Each structure stands twice: as structure tokens, then as C-alpha cells.
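Visitor: Take this structure, written in C-alpha cells, and hold onto it; I'll ask about it next.
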Amino acid sequence: QVQLVESGGGLVQTGGSLRLSCAVSARTFSGYTMGWFRQAPGKEREFVAAINWSGGSIYNRDSVKGRFTISRDSAKNTVYLQMNSLKPEDTAVYYCAAGGNIRIVGLSNQYAYWGQGTQVTVSS
């Protein structure tokens, strides 16, 4: 059983920063590709960033490049999403996801395990 628990969300002003954490309870954390997705009210869930099992491959959606950084700490079984220069359009519930044998990191149905989500609200 793999469980994901996100934390670090909150309310921040435009231009501010937040760091999301996702703690993973799994014996084989190193074997999973980890992803962050987000879903704003009335919109579909969208890909934000992903990192492969070794940390050697990182993927970001274009709108967050240069602002968001995904990383993982295998010793702590934790993946992070550092979010800087936040904008109101970044407001959403952010979900952590894990999966093995991911072929297309941007597709949510490739991920087998999901956290409960954490709310990020950016005020203008």
C-alpha cells in the first residue's frame, strides 16, 4: 500500500512563495516517478511537474518553468514543489501522485497513487 500525504499549502500574496511537501509511505519509493498536478475550481486537473525515480529527469509545464522546482529526497521519502513568484492563476488544489512505468508524465491516468490534495490560494 502506497500512501501520499501533501502539506505546505496556504494563502499567499502575488509574488510570494510556498513549498509543498509530499511524504510517501512506500518501501520502494525510489522506484516511482513522482508528479504534481493541480485542479482549479471548474477546471480539469492539469499537470504541473514530475521527476523520475533517480531525480535525473524533470518535467514542467510551460507556465511554471522558471518559477516552480520539483525535487525529491529519497532518504526522507519526500518530494517537494518549491513555488516562487506565485500568481493568482496558480490558485488550485495541488495533488501529489506516484506511479511506476510512467510513459507520459503529463497524463494523470499514468499515476496509480494520489494524495488528498492541499489548497494553494494566491491573492492579487
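The values are calculated or read from the model by the stated rules, or taken from the named source; none is laboratory data. This is a predicted model, so every value here is computed, not measured. As a convention, Cβ positions derive from the backbone with ideal geometry for all residues, glycine included, and neighbour counts pool all protein chains shown. Ligands, DNA and RNA are stripped out before the accessible areas are found, and what is left, the full protein with its side chains, is counted by its heavy atoms. Shrake-Rupley method; radii C 1.70, N 1.55, O 1.52, S 1.80 Å.
Visitor: Counting only protein heavy atoms and using a 1.4 Å probe, what share of the accessible area of the chain belongs to carbon plus sulfur, as a whole percent?
Guide: Numbers: 2970 of 6520 Å².
Heavy-atom surface of the chain belonging to carbon and sulfur, 1.4 Å probe: 46 percent.
Visitor: Per residue and in cubic angstrom, what volume does the convex hull of the Cα atoms of the chain have? Let's see the in-between values first.
Guide: Details: hull volume 11.6 nm³, N = 124.
Looking at the chain, the number lands at 94 Å³ per residue.
Visitor: Also, quick follow-up: What net charge is computed for the residues neighbouring residue 16, neighbours being all others with C-beta under 11 Å from the C-beta of residue 16, Lys and Arg scored +1, Asp and Glu -1?
Guide: Numbers: positive: 87; negative: 90.
That works out to 0.
Visitor: Taking the convex hull of the Cα atoms, report for the stretch 54-122 its projected area averaged over all directions, in nm².
Guide: Values: hull surface 21.1 nm².
Over every viewing direction, the Cα hull of the stretch 54-122 projects on average to 5.3 nm².
Visitor: Over all directions, how big on average is the projection of the convex hull of the alpha-carbon atoms in the stretch 1-58, in square nanometres? Kindly include the intermediate steps, with their values, before the conclusion.
Guide: Values: hull surface 21.5 nm².
Average projection, Cα convex hull of the stretch 1-58: 5.4 nm².
Visitor: Additional query: Whole number in Å², please: accessible area per residue of the stretch 25-124, 1.4 Å probe, ligands, DNA and RNA not counted. Show your work: numbers first, answer last.
Guide: Details: 5210 Å² over 100 residues.
Per residue, the stretch 25-124 has an accessible area of 52 Å².
Visitor: Moving on to the next point. Using a cut-off of 26 Å between alpha-carbon atoms, which lysines can reach residue 87, once sequence neighbours fewer than 8 places away in the same chain are excluded?
Guide: Residue 87 reaches 43, 65.
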